[in-house]
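Structure first, then comments.
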Amino acid sequence: MGGVEDDEPPSKRVKVSSGELRSLSGSLSLSEPVNSFLGNSMARPLAFEGGEEMVGSKQVIKKVEFVRIIAKALYSLGFDRSGALLEEESGIPLHSSVVNLFRQQVLDGNWDDSVATLHKIGILDDTTIKSASFLILEQKFIELLGKEKVMDALKTLRTEIAPLSINKKRLHELSSCLVSPSQCKLLGVSSQDTFSSESRTKLLDKLQKVLPPSVLIPEKRLEDLVEQALNVQREACYFHNSLDSLSLYADHHCGRDVIPSRTLQVLHAHRDEVWFLQFSHNGNYLASSSNDGSAIIWEVNENRVSLKHTLNGHQKPVFTISWCPDDSQVLTCGMEEVIRRWDVSSGECLHVYEKAGLGLISCGWFPDGKRVFSGLSDKSICMWDLDGKELECWKGQRTLKISDMAITDDGRIISMCRETAILLLDREAKIERLIEEDQTITSFSLSRDNKFLLVNLLNQEIHLWSIEDDLKLIATYKGHKRTRFVIRSCFGGSQQGFIASGSEDSLVYIWHRGTGELLEALPGHSGAVNCVSWNPVNPHMLASASDDRTIRIWGINSVKLKRKDTYSNGVIHHCNGGT
């Protein structure tokens, strides 16, 4: 298996890679007569008097708030008559008469009256009144400019907006509009819609964020509450691994059977240890590489995987692969050798990238799909265009001789720059940040959203780091075995809610990403499992590569399967995890 002494670093074995809402004005007045569909015989409820009546089985929901939010949702959905009926029948108005007047004044452009009415709402503190007044008077200023009433706009700025003594930066920006009309466009103000109903509706949206929610209920508040409830259920569902939307009709729960734990296929095409594999972004292909010097492109059809192309040409073992952004091409990197670029459809080698006197040790694509990069054996990083022209090279301790590399969607390069550190290089901002570990780093994997990094360590731990803002260690996963070789892990499942890893004990390990609890240890391989990859489109498909020269495709225990058959390149093997 190419092992070394237990106290030697894993790098001795070279196996590494890298609907639109309706207008708010529609709910300002209850113009629809309710008597016509309530019927004269229906009893009229008493007007709401402000009690704290509670509803719901737990008696924790205030009835008034509940009814108002439902009414708001009805109006937002376009059910104006139903909203009006709910207000009438419950005796609970969506808005007070003062708030209704205020909203109408804003939509009509009665700026001075709306500021005066703002003071009559009663529950607003001085800071809130000033902030809301600033927004209203800003709109007044902009509309005056749109009507080319420059002197009136200047007066509003000097005598009404400036005395509020808030948001001085915005005040200066508005002042610049008087000098240069083009500045208004830079501020996102268009002369075409300065006094349109749309711009005033947007003003109400801004005011809604400033005023207390009890005064102006936020848009889509009911939808937000329901989504929060669904998110809580999904997060509480330990085995959640479904692409289906959660239903409102019943509480959500997934069983263990949605985790891919059943061997669906065993692929035997490689002639030596399989070191690396990775699904394409669209989930339609799987690429694998081996110590035998070859790479293979496999085609994925639902739960069946079939050989598409065997890629030959490397003179050394192939230890890393990278899919281009649109999955039409793939890179393969030989062990301190060259990078080859292949056409996925034909299997043809399109180009060979090399650097005289140096070996290439990793490969990857820039997000535009027009440039490729690699770590080199002299610890530098180089970038080429597709035709092989070297565009840039970063010298110094940028990468290790044996190193994973990745690049984020915004162009940040991630590489192992020391045995215990990972470099995050922002080329545009010229900023370098380091993830520093106490143990030797053996490999890492970048999450699909570019916000997290999964780091495998020499001490048989996997660390989850947040890299979006401040670098922060947020979770640790344990249980797998790693004593001599490089073992790779990956994110996977629905919303990448799980962590999977290979292991030297021939098992595939799966943890719950949020809690770090080990969920599965899957038997089947007869040698060390070097790498795993979870299909990014199908959360029920997982692949694993092993020293036993095979690739296993894992799926779920579907009730539709009448026989527990395992397919291997057209040959059926009866097994369920074993061989």
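Pull up the cross-link candidates among the aspartates and glutamates for Lys481, meaning alpha carbon to alpha carbon under 12 Å and not fewer than 8 places away within one chain.
Answer for Lys481, where 12 Å is the Cα cut-off: Glu461, Glu504, Asp505, listed by chain and number.
What pairs from Lys140/Lys168; Lys149/Lys209; Lys120/Lys220 go past 19 Å between their alpha carbons?
Table pairs above 19 Å Cα-Cα are Lys149/Lys209; Lys120/Lys220.
How large, in percent, is the carbon and sulfur part of the accessible surface of region 95-216 at a probe radius of 1.4 Å?
Heavy-atom surface of region 95-216 belonging to carbon and sulfur, 1.4 Å probe: 53 percent.
What order do you get for 434-442, 87-95, 286-294 when each peptide is scored by the mean count of other beta carbon atoms within 10 Å, highest first?
Ranked from most to least packed, the peptides come out as 286-294, 87-95, 434-442.
What are the residues whose amide H is under 5 Å from the amide H of Asp505, where those residues sit 5 or more places off or on another chain and H is modelled from the backbone?
For Asp505, whose amide H was placed from the backbone, the distant partners under 5 Å are Lys481, Val529.
What aspartates and glutamates does Lys130 reach when the alpha-carbon gap must be under 13 Å and sequence neighbours fewer than 8 apart in one chain are set aside?
Glu138, Glu160
Do any trypsin sites (Lys or Arg not before Pro) in region 231-304 lie in a DSSP loop with no more than 14 other beta carbon atoms within 10 Å, and if so, which?
Those that pass, being in a loop and sparsely packed, are Arg271.
Measure off, as a whole percent, the carbon and sulfur share of the 1.4 Å-probe accessible area of region 284-337, all protein chains present.
Values: 710 of 1870 Å².
After summing per-atom areas, the C and S share lands at 38 percent.
With the crude spin-label approximation of a point 7 Å out along Cα→Cβ, what separation in nm comes out for Arg271 versus Ser345?
Computed distance between label sites Arg271 and Ser345 equals 3.1 nm.
What residue among Leu118, Thr128, Gln105 has its Cα farthest toward the positive end of the dipole of region 95-216, where the charges are +1 on Lys, Arg and -1 on Asp, Glu, each on the Cβ?
Farthest along the dipole direction, towards plus: Thr128.
Give the accessible surface of region 395-482 per residue, rounded to a whole number of Å², with probe radius 1.4 Å and ligands, DNA and RNA excluded.
Heavy-atom SASA per residue in region 395-482 reads 45 Å².
Toward the positive end of the charge dipole of region 324-462, about the Cα centre and with charges on Cβ (Lys, Arg +1; Asp, Glu -1), which of Leu423, Val344, Cys393 goes farthest?
Cys393
For Gln315 and Ile431, FRET efficiency with R0 = 35 Å and r from the beta-carbon atoms, rounded to 0.05?
Efficiency at R0 = 35 Å is approximately 0.35.
Check cross-link reach from Lys472 to the aspartates and glutamates: straight Cα distance under 12 Å, and skip same-chain residues fewer than eight apart.
Excluding near neighbours in sequence, the set is Glu436, Glu437.
For region 95-216, what mean projected area does the convex hull of the alpha carbons give, in nm²? Present the calculation step by step, with values, prior to reporting the outcome.
Values: hull surface 27.7 nm².
Over all viewing directions, region 95-216 projects a mean Cα-hull area of 6.9 nm².
Taking a 1.4 Å probe, which of Tyr509, Tyr238 shows the most accessible area, and what order do the others take after it?
Numbers: Tyr509 15, Tyr238 60 Å².
The most accessible residue leads, giving Tyr238, Tyr509.
The values are calculated or read from the model by the stated rules, or taken from the named source; none is laboratory data. Model, not experiment: these values are computed from the prediction. Cβ: placed from backbone, ideal geometry, glycine included. Neighbour counts: every protein chain shown. Just so you know, the surface numbers come from the protein's heavy atoms only, side chains and all, with ligands and any DNA or RNA stripped out. Shrake-Rupley method; radii C 1.70, N 1.55, O 1.52, S 1.80 Å.
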